[in-house]
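Here the structure comes first, spelled out in structure tokens, and everything after it is commentary.
The values are calculated or read from the model by the stated rules, or taken from the named source; none is laboratory data. All of these numbers come straight from a predicted model, not from anything done at the bench. Backbone-built Cβ (ideal geometry, glycine too); neighbour counts: all protein chains shown. All accessible areas refer to the heavy atoms of the entire protein, side chains included, with ligands and DNA or RNA removed. Shrake-Rupley method; radii C 1.70, N 1.55, O 1.52, S 1.80 Å.
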Amino acid sequence: MIKKQMGFTLAEVLITLGIIGVVAAITLPILIQNYRKHAYVNQLKKSVTILEQGFQKMLADNEVDSLDGTDVFGSIKNTNCNAMNGVSQVNCNDMIQNAKKYFNIVKVDSAKNLNDYKYKSLNYNDGLKYPDAKANSAIWVLSDGSYLTRYDWRNVPKIEYSNCDVIRSKGGKMCGWIGKITVDVNGGKQPNVEGRDIFNFFISDKGHLYSFWSRDAVIMQNGNDNNVWYKNTAGCGKKGESITKYQTYGSGCAARIIDSGWVMDY
């Protein structure tokens, strides 16, 4: 007997390859997107850890329990050091030099000089913009490639809501802020979008970071949590839902990520 050789026809092979191609075309972008989200979250977690560790070391070195008692914040002239006033700002010079002991600051430069650095909101269609709307806005470039932008450092905490007892009764962890910063976790690399690789924080006088639109931040500002991110879709959409159906700045997305267990679920 002649043994019959079994195999696939050319048509069958081509059909199979076509199906594989279609499946890959559908799933590959999703896999890449999920990978990028995971990377942004890991970079965010690293940035928060580095910054908080730096502030805690400041407190320990100066043997104080509030950042306004440290050499770094005490060296700020005229109340505050603000990024939008440019790189060559006398209010900031001493503070930046003292801060280098705690943060690996490679340089401080302007948005224009850093490849014309601009960013955009997550889902608000407001186009590209400079930090603080100025090309000469100062940016701290750290050794890991991250940027600290749109900062406002103060030599005494700024009180937004006057009654600290009310804040404490609501479970709030800070009565005022001594710093306000935007962190671009991968610096000049794309996408430069708030809520993806750019996140906004208040710094308490105890050296802890609290995201914009987080419960602690809004209680500190208003004495209640009515404007927390999951009650106001402008911060980072609605809990458990895609942000595409809402006009969203993305400035509260660090709060959403942290509240979700360090997951970018949008």
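Nearest 5 is fine: what % of DSSP beta bridges in the chain come out antiparallel, could you say? All intermediate terms of the calculation are to be shown ahead of the outcome.
On the way: 27 of 29 bridges.
Taking every DSSP beta bridge with both residues in the chain, the antiparallel ones total about 95 percent.
In terms of the Cα gyration tensor, with a ≥ b ≥ c the square roots of its eigenvalues, is region 124-181 rounded because a/c is under 1.5, prolate because a/b exceeds b/c, or oblate? Each step should come with its number before you reach the end.
On the way: a/c = 2.55, a/b = 1.94, b/c = 1.31.
Prolate.
In this structure region 169-266 gives 36 Å² per residue of accessible area when probed at 1.4 Å with all protein chains present.
Over region 101-156, the ratio between the Cα radius of gyration and 2.2 N^0.38 Å evaluates to 1.24. Comparing mean-square fluctuations of THR79, THR244, THR70 from a GNM of the chain with C-alpha springs under 10 Å, the top value falls on THR244.
Pop out the carbon and sulfur fraction of the accessible area of the chain as a percent, whole number, probe 1.4 Å. Show your work: numbers first, answer last.
Details: 7250 of 13820 Å².
The C+S portion of the solvent-accessible surface of the chain is 52 percent.
Averaging 1/r over each pair of different alpha-carbon atoms in region 166-266 and inverting the result gives 13.7 Å, the Kirkwood hydrodynamic radius. Rg and Dmax of region 1-133, based on Cα coordinates, read 27.7, 101 Å.
For LYS206 and ASP71 in the same chain, what is the full-extension length gain: residue separation times 0.36 nm, less their Cα-Cα distance, in nm? Can you show the working numbers first?
Details: separation 135, 0.36 × 135 = 48.60 nm, distance 1.46 nm.
Stretched fully, the LYS206-ASP71 segment lengthens by 47.1 nm.
Considering only LYS118, LYS245, LYS180, give the residue with the highest GNM mean-square fluctuation for the chain, with springs between Cα atoms whenever their separation is below 10 Å. Top of the fluctuation ranking is LYS245. Cα centroids of region 114-189 and region 206-264: how far apart, whole angstrom? Going from one Cα centre to the other spans 14 Å. Under 5 Å from the amide H of TRP213 lie the amide H atoms of VAL218, each residue being 5 or more positions distant or on a separate chain, with H modelled from the backbone and absent for Pro and chain starts.
From Cα pairs below 8 angstrom and at least 6 apart in sequence, can you work out the relative contact order of the chain, rounded to a whole percent? List each step's numbers first, then the result.
Details: 501 pairs, mean separation 44.5, N = 266.
Averaging sequence separation for qualifying contacts and normalising by length gives 17 percent for the chain.
Under 1.5 on a/c is rounded, so check that first for region 73-181, then, if it is not, pick prolate when a/b is larger than b/c and oblate when it is not; a ≥ b ≥ c are the square roots of the alpha carbon gyration tensor eigenvalues. Oblate, since a/c reaches 1.5 and b/c is not below a/b. Calculate one ³J(HN,Hα) per residue across region 128-143 by plugging θ = phi - 60° into the Karplus curve 6.51 cos²θ - 1.76 cosθ + 1.60, and present them in order as whole Hz with x for glycine and proline. In residue order, the calculated couplings are 6, 8, 6, x, 6, 6, 9, 5, 9, 4, 7, 9, 8, 9, 9, 5 Hz.
Averaging the sequence gap over all C-alpha pairs within less than 8 Å and six or more residues apart, then dividing by the number of residues, gives region 156-242 a relative contact order of 27 percent. Shape analysis of region 39-91 places it in the oblate category; the axes a ≥ b ≥ c from the Cα gyration tensor give an a/c of at least 1.5, with a/b not above b/c. Using the Cβ-Cβ distance between ASP265 and GLN56 with R0 = 35 Å, the FRET efficiency computed as 1/(1 + (r/R0)^6) comes to roughly 0.75. At a probe radius of 1.4 angstrom, the accessible area of region 41-114 per residue rounds to 50 square angstrom.
With the simple spin-label model, which puts each label point 7 Å out from Cα in the Cβ direction, the LYS101 to THR9 separation comes to 8.1 nm. Here the chain is treated as an ellipsoid with the same Cα gyration tensor; its semi-axes, largest first and in whole Å, are 44, 22, 17.
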